[in-house]
Amino acid sequence: SRSTGVAMARILVVEDNFTNQKVVAGMLGKRGYHILVASHGLEAIEALKRDPCDLVLMDVQMPVLDGLETTRQIRQDGRWPGLPIIGLTAHAMAGDRERCLEAGMDDYLSKPVTMQSLLAAVRKHLPPPEQA
């Protein structure tokens, strides 16, 4: 495969449920994105310090550090200006969207996510990967 000089977009999937990690990583991996996974907010922040990412998919309900607080911490840190963060929540309740956006998320999806909704959200914030 010839290199076009465009690096694969790196997406950090922050999700405490192993099955959901696999599903989301699988959907995006098939589309040519490079996936990193963290199980909770503290792991997510550590992962970002090690590996610059182009986008974060952030589960809202997680142990240790939830998605809203993790997003606030990322937003307060000067190292990641403009990093797109898409919230994922299983409870599509009134006010969820507002809470996600108030915490500093750029977008919001309710679970279970479909391939279509996930890709649409990711593509809104990232250029499509080069097709191999």
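The table below lists the values:
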read-out: Folded to 0 to 90 degrees: helix 115-125 orientation relative to the chain principal axis, Cα; value: 90
read-out: Residue range of the chain that is longest and free of trypsin sites (Lys or Arg not before Pro) which are both DSSP loop and sparsely packed (at most 11 other C-beta within 10 Å); value: 3-78
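Where a number appears in this text, it was derived from the coordinates with a stated rule and is not lab data. Quick caveat, the model's predicted, so the values are computed rather than measured. All Cβ positions, even for glycine, are placed from backbone atoms using ideal geometry, and neighbour counts span all protein chains on display.
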